[in-house]
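As structure tokens, the structure follows; a few thoughts come after it.
The values are calculated or read from the model by the stated rules, or taken from the named source; none is laboratory data. Here the structure is a predicted model, which is why all the values come from computation and not from measurement. Note that each Cβ is placed from the backbone with ideal geometry, even for glycine, and that neighbours are counted across all protein chains shown.
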Ligand SMILES: Cc1ncc(COP(=O)(O)O)c(C=O)c1O
């Protein structure tokens, strides 16, 4: 029998699919299962092991993500061996392994990110690393006034428990903002959450409840989502991106293979790449998702930060099949610290989502909700948005100009039409982003390394730079230091590093 040596621990100290994957990995790596060995069909193996077929499907998916097996449509799953050679149109191989597959890589990526953020916060460091908006534009005085007004007006009411779905007048104000974007929504359809992150989390809790769930993500993708998936042991299935965002042409095959519970996308000003998905691709995405009945979670965190033209219609506004969940918030546009976001969901799920919110943290701070409502009603928000858009556009342009001057000729980037990030791909044959980070920190400049944003550990040569957080003169200085660090590293590593063959650009 294929699995005569496998004893599964049904006490669930480790998920069954991971146990199956562990066993296969060990046999592949030891050479017991040679390259080109055809693995048993998932149904057959599931029967042999006495487990659900999904367990085997997920185990194979796990190994496929690690490059140890490959699925050939209509033929089966084959061992590629420990040294897989990639077809030229696949994502590049994983030059920096952030750890073994146990525990899953995001814990390692998250840990690495925490350490890098700690270094980035040291005095004197110009940091392009964090995802924070500029502190100088947070409207402190307006919020002080709003909080005082609310306490004077509502007294203890503002400090009491209230409905888990949120403070109704705030839900109403948010509904108005969304109606202006052609989204048909009522106040009662809106769930107030603790930031956009919780809106995403609650959606996952309702739609991807089993450990065996798979979720489609962009490759690369928002790190906070990868961390959430990792903590829930949900498998992220990365779909490559091109300059128009998620490669919808690859989606159908992925849906058929992985049966995902959800597709998560950020169509506007994507984190980390800054890419915007054009209208045609949005429609194609909706069409495929509706055809297979897979819900979409649309993250609109950066939508209001547009610099060149009004944002395109959201997936939610184009959704005629009732499959789009929309998560948004005020963290990047206004103020992260009050922790207010929202979720708009198909109405039949509203009750379950509210119940999940209640179980998670009972409710979002009533004082903060009322203060935000007072602020939105004061009419300052559109003025504030114009101020930050103007400032961030100037900062984006300052960073682009500095990169033009100080970065190597072979580095690639594109101008994002909004958001707060620039994604830069350094030459594949040169030092990795991690190596650059370790040199750059000595020059007192920091950024985020690309591989932490990847479900598959790709993008070892990519950097994410936040252009919004520093004034233009600091941006110029920071990029100059980064250019110097690159040159120093290159001079050092030329004698140490064998050139690697160039691999294909994903973006
Ligand atoms: C795409 C995306 N979604 C959600 C969040 C979390 O936002 P919030 O602070 O509103 O929870 C972030 C923060 O970086 C983000 O980049």
From 422, 436, which residue is within 27 Å of residue 305 (Cα to Cα), at pLDDT 95 or above and crowded, with 21+ Cβ neighbours inside 10 Å?
-> 422
Exception for residue 263 within (1) part of a loop (DSSP other than H, G, I, E, B); (2) in contact with a helix residue (DSSP H, G or I) (Cβ under 9 Å, 6 or more places away or on another chain) falls at (1)
Name every residue in the range 101-143 that is surrounded by 13 or more Cβ atoms within 10 Å (Cβ to Cβ), assigned to a loop (DSSP other than H, G, I, E, B) and modelled with pLDDT of 70 or more, in order of residue number.
-> 125, 128, 129, 130, 131, 132, 133, 134, 138, 139
When you scan the range 284-307, how many residues do you find that are within 27 Å of residue 389 (Cα to Cα) and either crowded, with 19+ Cβ neighbours inside 10 Å or within 14 Å of the ligand (Cβ to nearest atom) (or both)?
-> 10
Set 352, 339, 370: member being touching a helix residue (DSSP H, G or I) at 6+ places or on another chain (Cβ under 6 Å), surrounded by fewer than 18 Cβ atoms within 10 Å (Cβ to Cβ) and not assigned by TED's automatic domain parsing to the domain that holds residue 478 | 352
When you look at residue 247, is it over 17 Å from residue 299 (Cβ atoms), more than 14 Å from the ligand (Cβ to nearest atom) and touching a residue at least 40 places away in the same chain (Cβ under 8 Å), yes or no?
-> no
Does residue 278 meet the test of being within 30 Å of residue 136 (Cα to Cα) and either modelled with pLDDT under 95 or more than 16 Å from the ligand (Cβ to nearest atom) (or both)?
-> no
Quick check: is even one residue across the range 321-331 closer than 19 Å to residue 133 by Cα, part of a helix (DSSP H, G or I) and within 16 Å of the ligand (Cβ to nearest atom)?
-> no
Condition test on residue 310, is it in a helix (DSSP H, G or I) and more than 11 Å from the ligand (Cβ to nearest atom)?
-> no
Does the range 388-403 contain at least one residue that is assigned to a loop (DSSP other than H, G, I, E, B), within 30 Å of residue 142 (Cα to Cα) and out of contact with any helix residue (DSSP H, G or I) (no Cβ under 6 Å at 6 or more places or on another chain)?
-> no
Hits in the range 233-249 - residues which are outside any loop (DSSP other than H, G, I, E, B) and either crowded, with 17+ Cβ neighbours inside 10 Å or under 14 Å from the mean Cα position of the chain (by Cα) (or both) = 235, 236, 237, 238, 239, 240, 241, 245, 246, 248
Residues (within 10 Å of the ligand (Cβ to nearest atom) and either free of Cβ contacts under 8 Å to residues at least 12 places away in the same chain or closer than 26 Å to residue 362 by Cα (or both)) located in the range 187-221 | 193, 194, 195, 196, 197, 198, 199, 200, 201
